[in-house]
Amino acid sequence: MKKFLSIALAAAMTASLAACGSSSGTSTEAAKESSEQTEAAEESEASEASADGEFVIGGSGPLTGGAAIYGIAVKNGGQIAVDEINAAGGINGHQIKWVFEDDEHDAEKALNAYNTLKDEGLQMMVGTVTSGPCLSVVQETADDNMFQITPSGTTADITVNPNVFRMCFSDPAQGAKSAQYIGEHELATKVGVIYDSSDPYSQGIYESFDAEASNYGIEIVAAEAFTADSKTDFKTQIQKMKDAGAELVFLPFYYTEAALVLQQSKELNYSPIFFGCDGMDGILNLDNFDKSLAEGLMLLTPFSADAEDELTVNFVNTYKDKFGETPIQFAADAYDCVYAIKYAAEKANITPDMSVSDICDAMEPAMGEIEFDGLTGESIKFDENGEPDKAPKAVVIKDGAYVLAD
């Protein structure tokens with residue numbers, strides 16, 4: 001588009017100068033300027049395409065800081081998918097270059113990471129990993145018409161633009177499906193909730209859980225909030241759960257704070273069922289955490305590392321061999337994101353020499369046409385809003401490991 005605008009502008013300038021009876025010297029200078037503008041536009045357009053015949057796919061997420069376990073998992077899970085696809089011949093015969101930047105779970109730094117990725121030739125994005133940074137990036141990808149699929153950004157507004165898709169369940173979906181799972185499996189009727197009112201992820205899940213609970217015979221007997229400024233001492237909230245007779249406590253926030261809740265609940269001799277969402281995943285990898293505190297903890301997740309299907313077994317073994325630890329859901333989400341890109345790109349027959357915008361325009365309808373079995377679900381497909389359609393699962397921690405719940 002910029003190329004054509006420059007050509008049109010150059011033509012208009014030349015015609016205008018000729019009509020005014022400009023000198024030949026002036027006409028020559030104008031023609032030279034027009035040529036330079038056209039060449040610059042062509043170079044700009046070409047810079048959006050891969051120069052060496054490979055797709056540049058990448059993402060950003062926290063590789064350092066308190067949420068680093070999520071970003072590292074996404075980076076690693078995506079790398080395994082890329083390695084597999086490249087070994088099998090790539091996408092439409094073209095290899096993939098996988099690039100990843102640290103955003104430290106910070107909205108402003110996520111913008112810097114995105115700009116760095118563009119400097120590296122990014123054509124399609126897997127990210128960002130956490131909701132706050134993702135919200136800051138989605139408008140930039142919309143302005144650039146860059147295809148984006150987040151493995152784990154759950155805030156509902158992330159997918160408001162047509163270029164953005166999601167592999168995980170959104171906050172409203174996680175809250176509603178948690179209420180559904182607890183009610184249908186008769187885990188408890190009296191439920192308490194502790195949530196982070198300063199975090200869109202936690203607040204969003206709590207609100208949808210609250211809206212759905214009564215539909216499944218659940219009474220919320222206590223709901224207590226904390227904020228980013230008060231996330232170390234939870235004894236007041238825990239005591240209120242205990243006093244209200246909560247048989248199950250729903251914890252829709254991240255594992256770092258959840259570990260403190262579990263520790264302080266033990267100190268208060270309170271042992272209900274604890275139930276979390278995808279932000280809880282990773283608690284067993286927390287440094288210096290007493291895993292016995294998490295015994296019986298349940299979380300809603302579409303992935304379990306102990307599943308016995310061939311795809312999961314191969315992924316877990318590869319991940320352990322390559323990275324020395326058991327993968328969490330975020331790694332599986334990223335793996336499925338890269339394969340979703342592969343299948344949609346093949347459906348749309350895209351090539352690396354296409355511009356970022358042309359790739360995105362081709363990918364959007366193709367995403368609605370694919371369906372595949374992944375690590376996070378069977379027959380994964382995407383609706384018109386970019387949301388995934390797949391069944392929820394829950395895992396429970398037994399003997400320091402995740403096990404599929406009944």
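The values are calculated or read from the model by the stated rules, or taken from the named source; none is laboratory data. For clarity, every value in this text was computed on a predicted model and none was experimentally measured. Please note: Cβ atoms are built from the backbone with ideal geometry, for glycine as well, and neighbour counts cover all protein chains shown.
Given 186, 207, 212, 257, which one is part of a loop (DSSP other than H, G, I, E, B), outside the structural domain of residue 327 (by TED's automatic domain parsing), of a type in the set (Asp, Glu) and modelled with pLDDT of 95 or more? Steps first, answer last, please.
Numbers: 207 fails: part of a loop (DSSP other than H, G, I, E, B); 212 fails: part of a loop (DSSP other than H, G, I, E, B); 257 fails: part of a loop (DSSP other than H, G, I, E, B).
It is 186.
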Original post:
Given the conditions (1) within 23 Å of residue 287 (Cβ to Cβ); (2) touching a strand residue (DSSP E or B) at 6+ places or on another chain (Cβ under 7 Å), and given that residue 224 satisfies all but one, which numbered condition is not satisfied?
Top reply: (1)
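Which of the helices (runs of 4 or more DSSP H) found entirely inside the range 298-406 contain at least 1 residues meeting this: of a type in the set (A, V, I, L, M) and within 30 Å of residue 188 (Cα to Cα)?
Values: elements: 310-323, 329-348, 356-367.
In the range 298-406, 329-348 are the helices (runs of 4 or more DSSP H) which contain 1 or more residues that are of a type in the set (A, V, I, L, M) and within 30 Å of residue 188 (Cα to Cα).
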**OP:** Give the residue that is nearest to residue 335 (Cα to Cα), with candidates limited to residues of the range 170-194 that are in contact with a strand residue (DSSP E or B) (Cβ under 7 Å, 6 or more places away or on another chain) and hydrophobic (A, V, I, L, M, F, W, C).
**Re:** 182
Subject >> Residues (closer than 15 Å to residue 260 by Cα and either touching a Leu at 6+ places or on another chain (Cβ under 8 Å) or β-branched (Val, Ile, Thr) (or both)) located in the range 215-230 >> reply: 227
Original post:
Taking residue 129 and the conditions (1) of a type outside the set (Ser, Thr, Tyr); (2) assigned to a loop (DSSP other than H, G, I, E, B); (3) modelled with pLDDT under 95, which numbered condition does it fall short on, given that it satisfies the others?
Top reply: (3)
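Select, from 51, 81, 46, the only residue that is over 27 Å from residue 259 (Cβ atoms), outside any loop (DSSP other than H, G, I, E, B) and either modelled with pLDDT under 95 or among the charged types (D, E, K, R) (or both). Don't jump to the end; show me each part of the working.
On the way: 51 fails: outside any loop (DSSP other than H, G, I, E, B); 81 fails: either modelled with pLDDT under 95 or among the charged types (D, E, K, R) (or both).
Going through 51, 81, 46 in turn, just one is over 27 Å from residue 259 (Cβ atoms), outside any loop (DSSP other than H, G, I, E, B) and either modelled with pLDDT under 95 or among the charged types (D, E, K, R) (or both): 46.
Of 295, 267, 346, which residue is in the same structural domain as residue 363 (by TED's automatic domain parsing), surrounded by fewer than 16 Cβ atoms within 10 Å (Cβ to Cβ) and acidic (Asp, Glu)?
On the way: 295 fails: in the same structural domain as residue 363 (by TED's automatic domain parsing); 267 fails: in the same structural domain as residue 363 (by TED's automatic domain parsing).
Unique residue meeting the criteria: 346.
Listed here are the residues, each with its yes/no results for (1) under 21 Å from residue 55 (Cα atoms); (2) within 15 Å of the chain's Cα centre (by Cα); (3) not aliphatic (A, V, I, L, M).
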| position | (1), (2), (3) |
| --- | --- |
| 110 | no, yes, no |
| 119 | yes, no, yes |
| 148 | yes, yes, yes |
| 163 | yes, yes, yes |
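Yes/no matrix, rows are residues, columns are (1) in contact with a strand residue (DSSP E or B) (Cβ under 8 Å, 6 or more places away or on another chain); (2) in contact (Cβ under 8 Å) with a residue 24 or more places away in the chain:
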residue: 313; (1), (2): no, no
residue: 329; (1), (2): no, yes
residue: 348; (1), (2): no, no
residue: 380; (1), (2): yes, yes
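Kindly evaluate residue 280 against the criterion of being closer than 18 Å to residue 205 by Cα, touching a residue at least 60 places away in the same chain (Cβ under 8 Å) and aliphatic (A, V, I, L, M).
Here the answer is no, as residue 280 does not meet what is asked.
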Original post:
Which residues, counting only those in the range 116-140, are crowded, with 24+ Cβ neighbours inside 10 Å and either polar (S, T, N, Q) or without any contact (Cβ under 8 Å) to a residue 24 or more places away in the chain (or both)?
Top reply: 123, 128, 130, 131
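If the requirement is being touching a His at 6+ places or on another chain (Cβ under 9 Å), in the same structural domain as residue 331 (by TED's automatic domain parsing) and among the aliphatic types (A, V, I, L, M), which of these qualifies: 88, 73, 68, 107?
68
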